[in-house]
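Here's the structure we're looking at; comments come further down.
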Amino acid sequence: MILPDAEATFEVLLQKLKPLITDNTALVGIHSGGVWLVDRLLPLLGRPVARGTLDISFYRDDFDQRGLRAENKPSQIPFDVQDQHIILIDDVFHTGRTIRAAMNELFDYGRPASISLAVLVDRGGRELPIVPQIVAADIPLPVSQNLQLLQSEDGRFHFELKDSI
Amino acid sequence: MLNPQLTPDGKLRHLLSTEGLPRAILNQILDTAESFVGVAEREVKKVPLLRGKTVCNIFFENSTRTRTTFEIAAKRLSADVINLNVNTSSQSKGETILDTIDNLTAMHADMFVIRHAQSGAAHLIAQHVAPHIHVINAGDGRHAHPTQGLLDVFTIRRYKPDMHNLRVALVGDVLHSRVARSEIHALTTLGVPEVRVIAPKTLLPQHVEKLGVQVYHDMREGLKDVDVIMMLRLQNERMNGALLPSAQEYFKCYGLTPEKLALAKPDAIVMHPGPMNRGVEIDSAVADGKQSVILPQVTYGIAVRMAVMSMLAGNSA
């Protein structure tokens with residue numbers, strides 16, 4: 001499997017995202033990869049856009065099986081969610097369960113005007129009726145493999161393919 | 001020796017004491033509590049983690065603040081909460097603690113929050129319950145009150161993030177204080193370099209210095225240059241001997257007044273686990289003053305208890 005260049009994929013995401021930005025758009029990144037993406041995207045959009053982060057640890061549907069994740073970070077939505085057009089940003093879209101949890105959490109902050117979803121990679125394998133509006137790259141993978149976005153210290157992205165445990 | 005609070009793979013299953021808890025678990029509780037502080041500031045202050053679970057608060061000894069904050073914490077995690085105030089008269093009907101627990105287990109309780117006047121009560125229950133049930137000690141005799149110790153440490157960390165560079169003084173009735181013991185274990189495990197206890201000899205346990213603290217009998221000397229002052233409540237109800245001449249005399253020697261507070265660092269914070277005896281261990285001017293973080297302690301208590309409950313609920317043996 002030859003993986004695309006993560007930086008080139010990021011550039012595709014940026015270009016596809018730009019036309020969607022309006023005066024009351026907010027970008028909300030899902031920890032950790034989604035937040036990295038938001039922080040790289042924001043200065044490149046050419047206009048001020050609200051920033052939020054979500055850690056969905058408290059909303060996961062596998063809590064009963066796996067317990068609370070050791071590393072959870074505070075979610076931060078520092079703007080009024082009411083009437084905002086929110087674009088959720090995540091790195092790798094897989095089953096759709098993370099996005100469901102993120103939407104549940106967002107609604108506990110208020111009632112947004114709309115929520116859309118932009119992802120760097122759609123790897124296939126969804127288990128819920130959730131489809132991203134923006135996909136920078138389609139990389140269909142078998143269940144036995146796991147694609148991860150990594151960020152090096154200079155902020156640059158790269159992909160890593162691992163066998164799932 | 002196997003720590004009865006941990007699962008075989010080292011995860012937190014019950015919270016009975018801060019003693020013997022690894023630093024990594026203490027930090028995980030504090031970090032998770034940090035995430036829950038934000039939840040309380042949202043429009044909807046609930047998360048669905050404990051949906052469908054039943055938490056029983058069983059208080060064999062009176063408490064308002066602790067019971068209420070445990071109740072709020074469980075409700076904000078979406079659990080169902082039952083509060084039982086079991087006073088001595090109903091115990092005298094003859095039911096043992098373990099029978100009470102078995103009956104509640106038969107009603108499908110998932111978690112017990114226990115306060116009892118006897119040291120070791122929560123421990124006894126933890127050894128008795130089925131593998132999927134969790135026990136939190138909400139104060140047992142003079143032994144431990146781990147969530148209070150943790151919320152105090154959490155409050156300190158929020159105001160003084162550099163824990164490795166702190167001088168903390170605990171003042172007052174250390175002898176009868178389960179809070180003091182829980183704080184001392186948590187602080188030393190987290191690497192706070194200097195923990196002082198300031199009290200008359202009659203209110204200190206024997207060999208208290210073995211807990212890794214420095215002992216002062218003179219409050220003025222002990223408060224010098226400290227970053228954190230934790231006042232302890234004078235436990236009137238636990239005193240059954242003449243340990244003190246009088247409350248007035250105690251206030252004179254060990255009460256925190258603005259003038260004694262001035263001996264600590266200028267940005268020192270003042271804490272008290274409550275309930276306060278104003279004019280006995282703390283002057284109102286200090287309790288309500290700008291260095292006091294006594295009410296933030298209460299607020300953070302909810303986040304810390306949410307963190308503990310949600311960590312336990314996910315770690316069945």
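The values are calculated or read from the model by the stated rules, or taken from the named source; none is laboratory data. What you see is a predicted model, and the numbers here were worked out from it, not measured in a lab. Counting neighbours? That spans all protein chains shown, and the Cβs are built from the backbone with ideal geometry, glycine included. The accessibility values were calculated without ligands, DNA or RNA, using every heavy atom of the protein model including side chains. Shrake-Rupley method; radii C 1.70, N 1.55, O 1.52, S 1.80 Å.
Data overview
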read-out: Residue match in the stretch B:242-252 (condition: in contact with a helix residue (DSSP H, G or I) (Cβ under 8 Å, 6 or more places away or on another chain), crowded, with 16+ Cβ neighbours inside 10 Å, in contact (Cβ under 8 Å) with a residue 40 or more places away in the chain and more than 14 Å from chain A (Cβ to nearest Cβ)); value: yes
read-out: Those residues of the stretch B:281-295 which are in contact with a strand residue (DSSP E or B) (Cβ under 9 Å, 6 or more places away or on another chain) and not acidic (Asp, Glu), in sequence order; value: B:282, B:284, B:286, B:287, B:289, B:291, B:292, B:293, B:294
read-out: Residue satisfying condition, being touching a helix residue (DSSP H, G or I) at 6+ places or on another chain (Cβ under 8 Å) and not basic (Lys, Arg), within set A:113, A:137; value: A:137
read-out: Among residues of the stretch B:42-60, those that are more than 10 Å from chain A (Cβ to nearest Cβ) and surrounded by fewer than 20 Cβ atoms within 10 Å (Cβ to Cβ), counted; value: 1
read-out: Some residue of the stretch B:162-178 being in a helix (DSSP H, G or I), within 25 Å of residue B:66 (Cα to Cα) and open to solvent by 10 Å² or more (accessible area, probe 1.4 Å); value: yes
read-out: Some residue of the stretch A:54-75 being surrounded by fewer than 21 Cβ atoms within 10 Å (Cβ to Cβ) and away from chain B (no Cβ under 14 Å); value: no
read-out: Extreme residue, farthest from the other protein chains (Cβ to nearest Cβ), among residues of the stretch A:97-111 that are open to solvent by less than 20 Å² (accessible area, probe 1.4 Å) and in contact with a Pro (Cβ under 9 Å, 6 or more places away or on another chain); value: A:99
read-out: Residue list for the stretch B:307-317, filter: assigned to a loop (DSSP other than H, G, I, E, B) and crowded, with 20+ Cβ neighbours inside 10 Å; value: B:314
read-out: Test: residue in the stretch B:76-86 that is at positive phi and at pLDDT below 95; value: no
read-out: Candidates A:94, A:31 - the one that is within 12 Å of chain B (Cβ to nearest Cβ), of a type outside the set (A, V, I, L, M) and either under 30 Å from residue B:134 (Cβ atoms) or under 15 Å from the mean Cα position of the chain (by Cα) (or both); value: A:31
read-out: Condition check for residue B:224: basic (Lys, Arg), more than 25 Å from residue B:21 (Cα to Cα), touching a residue at least 40 places away in the same chain (Cβ under 8 Å) and out of contact with any helix residue (DSSP H, G or I) (no Cβ under 7 Å at 6 or more places or on another chain); value: yes
read-out: Meets criteria (at pLDDT 95 or above, among the basic types (Lys, Arg), in the same structural domain as residue B:309 (by TED's automatic domain parsing) and out of contact with any strand residue (DSSP E or B) (no Cβ under 6 Å at 6 or more places or on another chain)) for residue B:65; value: no
read-out: Of the criteria (1) touching a residue at least 24 places away in the same chain (Cβ under 8 Å); (2) within 14 Å of another protein chain (Cβ to nearest Cβ), which one residue A:125 fails; value: (2)
read-out: Count - residues of the stretch A:76-87 that are at the interface with chain B (Cβ under 10 Å from one of its Cβ atoms), more than 30 Å from residue B:312 (Cα to Cα) and assigned to a strand (DSSP E or B); value: 0
read-out: Tabulated pairs, the stretch B:197-217, first touching a residue at least 24 places away in the same chain (Cβ under 8 Å), second of a type in the set (D, E, K, R) and part of a loop (DSSP other than H, G, I, E, B), C-beta under 8 angstrom, 6+ apart or interchain; value: B:198/B:218; B:199/B:173; B:203/B:173
read-out: Matching residues, the stretch B:264-306, being open to solvent by 40 Å² or more (accessible area, probe 1.4 Å) and among the polar types (S, T, N, Q); value: B:284, B:291, B:299
read-out: In the stretch B:1-48, the residues that are among the hydroxyl-bearing types (Ser, Thr, Tyr), in a loop (DSSP other than H, G, I, E, B) and either closer than 17 Å to residue A:73 by Cα or without any contact (Cβ under 8 Å) to a residue 12 or more places away in the chain (or both); value: none
read-out: Residues of the stretch B:16-41 that turn out to be more than 14 Å from chain A (Cβ to nearest Cβ) and within 19 Å of residue B:111 (Cα to Cα), as a count; value: 3
read-out: Enumerated helices (runs of 4 or more DSSP H) restricted to the stretch B:193-288, each holding at least 3 residues that are over 21 Å from residue B:183 (Cβ atoms); value: B:247-254
read-out: Filter pass, residue B:116 being out of contact with any Cys (no Cβ under 6 Å at 6 or more places or on another chain), touching a residue at least 24 places away in the same chain (Cβ under 8 Å), open to solvent by 50 Å² or more (accessible area, probe 1.4 Å) and away from chain A (no Cβ under 14 Å); value: no
